[in-house]
1. Run down D48, D65, D85 and say which single residue is touching an Asp or Glu at 6+ places or on another chain (Cβ under 9 Å), surrounded by 11 or more Cβ atoms within 10 Å (Cβ to Cβ) and either closer than 19 Å to V104 by Cα or modelled with pLDDT under 70 (or both).
2. Looking for whichever is closer than 17 Å to V77 by Cα and free of Cβ contacts under 8 Å to residues at least 40 places away in the same chain here; the options are K112, K125. Which one fits?
3. Which residues, counting only those in the range 81-98, are part of a strand (DSSP E or B) and either of a type in the set (K, R) or in contact with a Pro (Cβ under 9 Å, 6 or more places away or on another chain) (or both)?
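The values are calculated or read from the model by the stated rules, or taken from the named source; none is laboratory data. Quantities reported herein were computed from a predicted structural model and do not represent experimental measurements. Neighbour counts run over all protein chains shown; Cβ positions are idealised from the backbone, glycine included.
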Amino acid sequence: MSIRLLLVTFTLTSSLLMMTGTVRAEQNTAINLAESSALENTERNVRDQNDATLTPEDQKENESDIKITADIRQALVKDKALSVDAQNAKIITRDGVVTLRGPVKNEAENKKLHDIAKQTPGVVKVDNQLENKAP
């Protein structure tokens, strides 16, 4: 093998090793930034994996529960005074029992969503699990 070929091979190998190290460093930096970010929600996601916490996948597929969920969603989207978070709250209906989940701007928005759900025809009970961002 010629010296030139060895040098090219060594240079390519060194470049690949340096690139791999750079990628790993960038991944580690991204992971550290994510962990300290206000957007980091790993604990919330772990909480949602147990059977005690309802997720949108738990929505019943019967006509009345689908209609209740759709009616509540329409009322939320129509209300332009609500924040985007409030308009996008999770709504899960099972046998007329509505579970509201997700962040809302404040207590007033929380109450408004609760009232909209409670006043929707067919709702038996509202399980309010909304989280206020501010008091």
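1. That would be D85, the only listed residue that is touching an Asp or Glu at 6+ places or on another chain (Cβ under 9 Å), surrounded by 11 or more Cβ atoms within 10 Å (Cβ to Cβ) and either closer than 19 Å to V104 by Cα or modelled with pLDDT under 70 (or both).
2. K112
3. K90, I91, I92, R94
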